[in-house]
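Read through the structure below, which is laid out as structure tokens, and then see the notes.
The values are calculated or read from the model by the stated rules, or taken from the named source; none is laboratory data. Fair warning: this is a prediction, and the values are worked out from it, not measured in the lab. Cβ coordinates were reconstructed from backbone atoms using ideal geometry, including for glycine residues, and neighbour counts include every protein chain displayed.
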Amino acid sequence: MPLLPLGEAIATHVHDGDSVALEGFTHLIPFAAGHEIIRLRRRNLHLIRMTPDLIYDQMIGMGCATRLTFSWGGNPGVGSLHRLRDAVERQWPQPLALTEFSHAELALAFQAGASGMSCGLMPHHADTDLARVPGAALRTVRCPFSERLLTAVPAINPDVTILHAQQIDAQGNVLIRGIVGAAKEAALAARRVLVTVEERVGELRAEMNALVLPSWLITAASIVPGGAYPSYAQGYYPRDNRFYLAWDEIARDREAFTAWMERHVLGVRDHAALLRALGVAA
């Protein structure tokens, strides 16, 4: 498992047309990696994420994506993702195809992919509009043993899953503390796994409920302090709620959005430079 500069890791392992899952549930969202994808001007990506929020708003607005698979999208605690809405409603900067699941369905899709299955099954509780929207991927089947109705969800196997984590040890094992969301399933389902971490340590100390991803699962890792900012990394820094509020105004206007991205993402060398420009200590 090579330890690479983030720019090299993304350039080597994320290609135009890839399906890419940047996971992280409320925290440990891999903003630094997403910004590097934008800097490298990757195109025609199929973005996958349970809860696309600001980083996907930025990637969609910068023309990286032509497809989004998700289970909820918004600026948490604030409102809409305006660049996502603009792409869906007005095809700017280009059309965006949507595949929408519930949280449980998308988690099951990752789990099926991680298990080597073609689909996953869950109880069919009730009919919903998700099964009727264009591009719907759900099927209703009957259990061969009980005759109970089940919902079948197709497996998801991203070309690349990208995660942010707290630590990596000398052997290349990666530690995630706090809310883990679908990180494990998304990693096991992927063909390649890239991880950014806050720091490298000699030995991991995994408390109860922590997640350790073994080195054999990781394709490449990069040390990027503050790599989840403006989301939080448990034990390292809090969520910057002011940034999420400010983003609502920045993203409403195409020109304001483009100017911010050109200055703070395209106009800086790396995530450390972005943090310095924003006055944030890594």
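Some notes on this structure:
- Near pairs, Cβ below 6 angstrom, 6+ apart or cross-chain, from segment 139-150 (within 22 Å of Asp129 (Cα to Cα) and free of Cβ contacts under 8 Å to residues at least 60 places away in the same chain) to any residue that is of a type in the set (Asp, Glu) and surrounded by 12 or more Cβ atoms within 10 Å (Cβ to Cβ): none
- Being at pLDDT 95 or above and of a type in the set (Gly, Ala, Ser) is a property that holds for Ala220.
- Scope segment 199-227; condition in contact (Cβ under 8 Å) with a residue 60 or more places away in the chain and surrounded by 12 or more Cβ atoms within 10 Å (Cβ to Cβ); matching residues: Arg200, Ser215, Ile218, Thr219, Ala220, Ala221, Ser222, Ile223, Val224, Gly226, Gly227
- Yes/no for Arg67 being surrounded by 17 or more Cβ atoms within 10 Å (Cβ to Cβ), charged (D, E, K, R) and within 20 Å of the chain's Cα centre (by Cα): no
Here's the yes/no breakdown for (1) under 23 Å from Ile168 (Cβ atoms); (2) in contact with a helix residue (DSSP H, G or I) (Cβ under 7 Å, 6 or more places away or on another chain); (3) modelled with pLDDT under 95:
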site: Ala11; (1), (2), (3): yes, no, no
site: Asp16; (1), (2), (3): no, no, no
site: Val20; (1), (2), (3): yes, no, no
site: Ile29; (1), (2), (3): yes, yes, no
site: Arg49; (1), (2), (3): yes, yes, no
site: Gln58; (1), (2), (3): no, yes, no
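- The set of residues in segment 244-257 being in contact (Cβ under 8 Å) with a residue 40 or more places away in the chain and either in contact with a Lys or Arg (Cβ under 6 Å, 6 or more places away or on another chain) or surrounded by 15 or more Cβ atoms within 10 Å (Cβ to Cβ) (or both) consists of Tyr244, Trp247, Asp248, Ala251, Arg252, Arg254, Phe257.
- Unmet criterion (only one of (1) under 23 Å from Gly181 (Cβ atoms); (2) in the same structural domain as Glu23 (by TED's automatic domain parsing)) for Met117: (2)
Quick grid of which residues meet (1) out of contact with any His (no Cβ under 6 Å at 6 or more places or on another chain); (2) β-branched (Val, Ile, Thr); (3) at pLDDT below 95; (4) part of a helix (DSSP H, G or I):
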site: Arg205; (1), (2), (3), (4): yes, no, yes, no
site: Asn209; (1), (2), (3), (4): yes, no, yes, no
site: Gly227; (1), (2), (3), (4): no, no, no, no
site: Pro230; (1), (2), (3), (4): yes, no, no, no
site: Arg242; (1), (2), (3), (4): yes, no, no, yes
site: Asp248; (1), (2), (3), (4): yes, no, no, yes
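- Members of segment 10-25 found to be small (Gly, Ala, Ser) and under 22 Å from Gly113 (Cβ atoms), listed by number: Gly17, Ser19, Ala21, Gly24
- When segment 152-193 is filtered for residues that are among the charged types (D, E, K, R) and not in a helix (DSSP H, G or I), the ones remaining, listed by number, are Asp159, Asp169, Arg177, Arg191, Arg192.
- Hits in segment 40-61 - residues which are closer than 24 Å to Tyr232 by Cβ and outside any strand (DSSP E or B): Met50, Thr51, Pro52, Asp53, Leu54, Ile55, Tyr56, Asp57, Gln58, Met59, Ile60, Gly61
- The listed residue being more than 22 Å from Pro230 (Cβ to Cβ), without any contact (Cβ under 8 Å) to a residue 24 or more places away in the chain and part of a helix (DSSP H, G or I), out of Glu89, Glu105: Glu89
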